[in-house]
Amino acid sequence: MAVVKVLSVVGARPQFVKLAPIAERLSISGDQHLIVHTGQHYDVSMSDVFFEDLAIPEPDVHLGVGSGSHGVQTGGMLAALDGVLDEHRPDVVLVYGDTNSTLAGAVAAVKMHLPVAHLEAGLRSFNRRMPEEHNRVLTDHASDLLLAPTEQAVRHLAAEGLASRVRLTGDVMADVCFRVRDRVREELPPFTEWRLPAEPYLVATLHRAENTDDPARLRKLLDALDELPMPVVLLAHPRLVARRHDFGITTSESVRWHPPLPYPQMVAAVLGSEGVVTDSGGLQKEAFLLERRCITLRSETEWPETLVGGWNVLAPDGERLDELVRRPAPDPEGQHRPYGDGDAAARVVDALTTFLHDR
Ligand code: UD1
């Protein structure tokens, strides 16, 4: 098949992880691949380290949009993307996940009559208060090719009348996670300035606005972490650090605050842990793939497959955390494999080339 020209739009931390196996597969297939970084995430620990550790080529274009309200941020990306898409005229624009960068990439492309493919299509939390839920629904309906990671995602898309655009590919995050897990098991990546606790510990993250931006709620969740029977390594998103200082919330030594980790170190930290407490979609699934239990500080999940067998449990208000952590861990022997075996990126590239060929 002829070489195709794919333009990826990424901007936030989880998108860099998803981009890594796609960039690799496109390089193997010899297709042309341009990477546009919107600049939604810009701290070194939120962006550059992922490019370095996951061997992702440098972005071809950096929009440098940065932080802002949803409208300002998404609008800034939209305005900046017009010129980029016009200059490069790709065969297809590939957008990833559910961030403001995803929506901006999709809208910019359809407005210029360029085909759009959405990787990680069909996820739904059915919670319309989540900015990610609007991003997902709008992006799916604007896209020409829907690359669904799970059978559940395929069903959601079919229920919205989009079945004819869907391809089931498996989840590219499983590709990266399995590969890095194997690397990390052979050799632990270096941790600077600190070590993982020698005693049993949990890994935690908390970054969603609904959890961080209300002082009473943030205090309640941090208190719940503080009261756990083992140390908690809290990998803190910049927003969490800022809100904690704004609200003057302190924690005991049991909560070990740490900046976000590079991907291999994060995988090593989860592998070495007794489990994960999080409000992140990606980390819920990484815990599952790495066979560690997860407690999710939200009332719903886009990854319901992780709930099967008790690998993931929802605790929206941090309730019963102590009891949940003390429960025996599920048996990895019986774990099902809803996210594929680590070959999703190859399926995505096949789907892209077939889609372009058949048009
Ligand atoms: C975004 C995504 C979310 C994803 C998350 C992964 C949207 C709507 N949300 O949320 O789906 O789970 O990325 O991390 O797109 N900040 C920094 N440095 C940075 C980036 C952000 O200090 O490099 C601070 C800024 O104060 C910013 C805030 O974090 O206003 C929030 O960043 P933003 O990109 O708006 O959303 P995230 O919460 O990171």
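Descriptive notes on the structure:
- Boolean, LEU81 is under 18 Å from LEU7 (Cβ atoms) and either within 13 Å of the ligand (Cβ to nearest atom) or at pLDDT 95 or above (or both): yes
- When the stretch 260-305 is filtered for residues that are polar (S, T, N, Q) and either within 15 Å of the chain's Cα centre (by Cα) or assigned by TED's automatic domain parsing to the domain that holds HIS134 (or both), the ones remaining, listed by number, are THR278, SER280, GLN284, THR296, THR301.
- Flag if ASP214 is without any contact (Cβ under 8 Å) to a residue 12 or more places away in the chain and closer than 28 Å to GLN40 by Cβ: yes
- Scanning the stretch 163-200 for residues that are touching a Gly at 6+ places or on another chain (Cβ under 8 Å) and assigned to a loop (DSSP other than H, G, I, E, B) yields a count of 4.
- Those residues of the stretch 17-37 which are touching a Ser or Thr at 6+ places or on another chain (Cβ under 8 Å) and not hydroxyl-bearing (Ser, Thr, Tyr), in sequence order: LEU19, ILE22, ALA23, ASP31, HIS33, LEU34, ILE35, VAL36, HIS37
- Meeting the requirement of 3 or more residues that are of a type in the set (Gly, Ala, Ser), the helices (runs of 4 or more DSSP H) wholly within the stretch 1-92 are 13-29, 70-88.
- Residue in the stretch 65-72 that is away from the ligand (no atom under 16 Å from the Cβ), out of contact with any strand residue (DSSP E or B) (no Cβ under 9 Å at 6 or more places or on another chain) and without any contact (Cβ under 8 Å) to a residue 12 or more places away in the chain present: no
- Counted as qualifying within the stretch 263-335 are the helices (runs of 4 or more DSSP H) with 1 or more residues that are closer than 15 Å to ALA174 by Cβ and within 16 Å of the ligand (Cβ to nearest atom), namely 263-271, 281-289.
- Selection of the stretch 93-113 for residues being assigned to a loop (DSSP other than H, G, I, E, B) and surrounded by 19 or more Cβ atoms within 10 Å (Cβ to Cβ) yields GLY97, ASP98, THR99.
- With respect to the conditions (1) outside any helix (DSSP H, G or I); (2) over 20 Å from GLU286 (Cα atoms); (3) under 22 Å from the mean Cα position of the chain (by Cα), GLU253 falls short on a single one, namely (3).
- Test: residue in the stretch 132-148 that is within 13 Å of the ligand (Cβ to nearest atom), of a type in the set (Gly, Ala, Ser) and modelled with pLDDT of 95 or more: no
- Residue match in the stretch 237-254 (condition: in contact (Cβ under 8 Å) with a residue 60 or more places away in the chain and under 22 Å from GLY310 (Cα atoms)): no
- Options ALA204, ALA163, ALA216, ALA242: the member that is of a type in the set (Gly, Ala, Ser), surrounded by fewer than 20 Cβ atoms within 10 Å (Cβ to Cβ) and within 30 Å of ARG326 (Cβ to Cβ): ALA216
The values are calculated or read from the model by the stated rules, or taken from the named source; none is laboratory data. Predicted, not measured: the structure shown is a model, and the values here were computed from it. Note: ideal-geometry Cβ built from the backbone for every residue, glycine included; neighbour counts use all protein chains shown.
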